[in-house]
Amino acid sequence: MNKVDSNGGEKKFFLFFLFFFLIIRRPPRSTQSRSSAASDVYKRQGYGYATVVEILSASLQNGYFLKMLNGFDELGNKRPFGVGHFFIAINVESFIELEEFKRITGTILRELRASKKAPGADRIYTAGEKEHLAWLERKDKGVPVNTTLQKQMSGLKETYGLSDLPLPWEKR
């Protein structure tokens, strides 16, 4: 690992990742039965990950968090949400060859999709898959517009004198 800076950045970087992986770690494979105490760890994994995301998205930028994100201040007055964001870029090749990473990642996703499905489910979607499928459809067919939004858009068209602008749902 390269040094991040000369005043302890490498140590901070290591401690951050240690903290991150301890929160979302998996129990040893030998204790993963549903009847074991380890099943409680699985229930908390999402909570741990959500906590890390909250810390990274709020603490690093002095942003709102938890109940502060309800859109109201302490007196009940409306206020901006102040939602924080955190992005990280990882050079995969610092850890593993890119093609090997892609192979392993692809195998993980294929195995997840091949898991036993819930009763009545046609398939298992992995992260981002539904969004990608929606994009594929919408890039060709357009974005669906519900009737409420159609009425609002038609009203704005009328308000601003744009009668020569055809909208797909209006009769011509």
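Filter the range 69-97 down to the residues that are outside any loop (DSSP other than H, G, I, E, B) and under 23 Å from the mean Cα position of the chain (by Cα) and list them by number. Even if it seems obvious, please write down each step before you answer.
Let us first name the residues in the range 69-97 that are outside any loop (DSSP other than H, G, I, E, B), namely 69-70, 72, 78, 92-94.
The answer is Leu69, Asn70, Val92.
Give Glu158, Glu111, Glu131 a once-over and let me know the one that is over 23 Å from the mean Cα position of the chain (by Cα) and assigned to a helix (DSSP H, G or I).
Working: Glu111 fails: over 23 Å from the mean Cα position of the chain (by Cα); Glu131 fails: over 23 Å from the mean Cα position of the chain (by Cα).
Unique residue meeting the criteria: Glu158.
List every residue pair whose Cβ atoms sit under 8 Å apart, with the two residues 6 or more apart in sequence or on different chains, where the first one lies in the range 144-172 and is free of Cβ contacts under 8 Å to residues at least 24 places away in the same chain and the second, anywhere, is of a type in the set (Ser, Thr, Tyr) and surrounded by fewer than 10 Cβ atoms within 10 Å (Cβ to Cβ).
Between residues of the range 144-172 that are free of Cβ contacts under 8 Å to residues at least 24 places away in the same chain and residues that are of a type in the set (Ser, Thr, Tyr) and surrounded by fewer than 10 Cβ atoms within 10 Å (Cβ to Cβ), the close pairs are Lys157/Ser163.
Here is a check on your reading of the model: is Asp164 in a helix (DSSP H, G or I) and either loosely packed, with under 10 Cβ neighbours inside 10 Å or modelled with pLDDT of 90 or more (or both)? Show your work before the answer.
Values: in a helix (DSSP H, G or I): no; either loosely packed, with under 10 Cβ neighbours inside 10 Å or modelled with pLDDT of 90 or more (or both): yes.
The answer is no for Asp164.
The values are calculated or read from the model by the stated rules, or taken from the named source; none is laboratory data. Computed from a predicted structure; not experimentally measured. Glycine also receives a Cβ, built like all others from the backbone with ideal geometry; neighbour counts cover every protein chain displayed.
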